[in-house]
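Values quoted throughout were computed directly from the atomic coordinates according to the rules given, and no laboratory measurement underlies them. It should be emphasised that the depicted structure is a prediction, and the values quoted were computed from it without experimental measurement. As a convention, Cβ positions derive from the backbone with ideal geometry for all residues, glycine included, and neighbour counts pool all protein chains shown.
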Amino acid sequence: MTDNNLQAAVSAGVMSAENEHRALLQSIVEVARAIFSAKASSIFLHDESADELVFEAVAGEGSDSLIGTRFPSSTGIAGFVLVTRQPLVIEDLQQDPRFARETAESTGYVPKSMMSVPLLHEEGVLGVLNVLDRSEQIEFSLSQMELLGLFANQAAIALDLLQRARHARAVLAESGSDAGVVSRLASALEGLEEEQREPALRLLAALDDVLRADVAF
């Protein structure tokens with residue numbers, strides 16, 4: 001396989017992986033919204049380079065327009081949860097000074113209540129999962145928070161994989177015609193028998209490791 005063909009194959013694999021991870025995030029917010037009979041649910045990614053929170057997945061109110069919307073990471077309840085790494089359940093947002101009403105208005109939906117949990121992975125916090133205006137017939141309990149925590153764990157894993165795929169795509173794009181990284185990977189792969197080659201996801205993970213090492217040097 002030539003370097004150009006391998007680079008094209010890897011690029012296609014990276015794009016496919018990125019789409020799969022975003023679809024998983026979308027499934028998480030949709031299921032969370034359904035289980036809590038909520039008006040909306042959303043996942044924010046913390047973009048560390050810009051220090052902003054970015055809507056990555058939305059179910060319910062705002063699902064057709066908010067993906068990609070950004071605001072400062074310190075904003076509102078989500079910003080507080082991001083910094084403190086502690087979950088919050090607020091039944092009356094209007095009475096909470098941390099609530100950023102103007103920001104909520106800019107999204108087109110102002111919630112009355114919120115359940116918010118940080119998305120923790122290894123030593124870092126990758127973002128925040130919010131559930132807005134759960135049904136009044138569902139009283140808050142510790143079991144509900146535990147359930148929300150399970151959603152948060154899955155969302156954190158998906159966000160981490162999404163970031164890895166985006167990192168790989170960015171480095172591939174920057175390499176242009178000088179595909180030194182891909183060349184090294186091609187040499188390694190061509191030394192293996194066909195049946196020994198790693199599945200696509202392992203290939204992407206290995207590529208990410210190589211790319212990170214390349215940047216470090």
Q.
Taking θ = phi - 60°, what integer Hz values does the Karplus form 6.51 cos²θ - 1.76 cosθ + 1.60 yield along the range 92-108, in sequence order, with x for Gly and Pro?
A. 9, 5, 5, 9, 9, x, 7, 6, 9, 5, 4, 5, 4, 4, 5, 7, x
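Ordered by packing density, taken as the mean number of other Cβ atoms within 10 Å over each peptide's residues, highest first, how do 80-89, 50-59, 22-31, 96-105 rank?
Working: 80-89: 16.1, 50-59: 20.2, 22-31: 18.0, 96-105: 13.6.
Highest-to-lowest ranking by the protection proxy: 50-59, 22-31, 80-89, 96-105.
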Q. What is the sum of charges around Ile28, taking Lys and Arg as +1, Asp and Glu as -1, for the other residues whose C-beta is under 12 Å from the C-beta of Ile28?
A. 0
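Using only the Cα atoms of the range 97-149, build the gyration tensor, take square roots of its eigenvalues as a ≥ b ≥ c, and label the shape rounded, prolate or oblate: rounded if a/c is under 1.5, else prolate if a/b is larger than b/c, else oblate. Could the numbers behind the result be given before it?
Values: a/c = 2.66, a/b = 1.14, b/c = 2.33.
In terms of gyration-tensor shape, oblate.
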(Q) Below 8 Å between Cα atoms, with a sequence gap of 6+, how large is the relative contact order for the range 17-117 in percent? (A) 19 percent
Q: Would you compute, for the Cα atoms of the range 120-159, the largest minus smallest coordinate along each principal axis and list the three values in descending order, in whole Å?
A: 35, 18, 13
Q) How far is it, in nm, from the label point at Asn19 to the one at Gln137 when both lie 7 Å from their Cα along the line to the Cβ? A) 3.8 nm
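Remind me, what semi-axes does the range 21-93 give for its equivalent ellipsoid, largest first in whole Å, using sqrt of 5 times each Cα gyration tensor eigenvalue?
20, 16, 11
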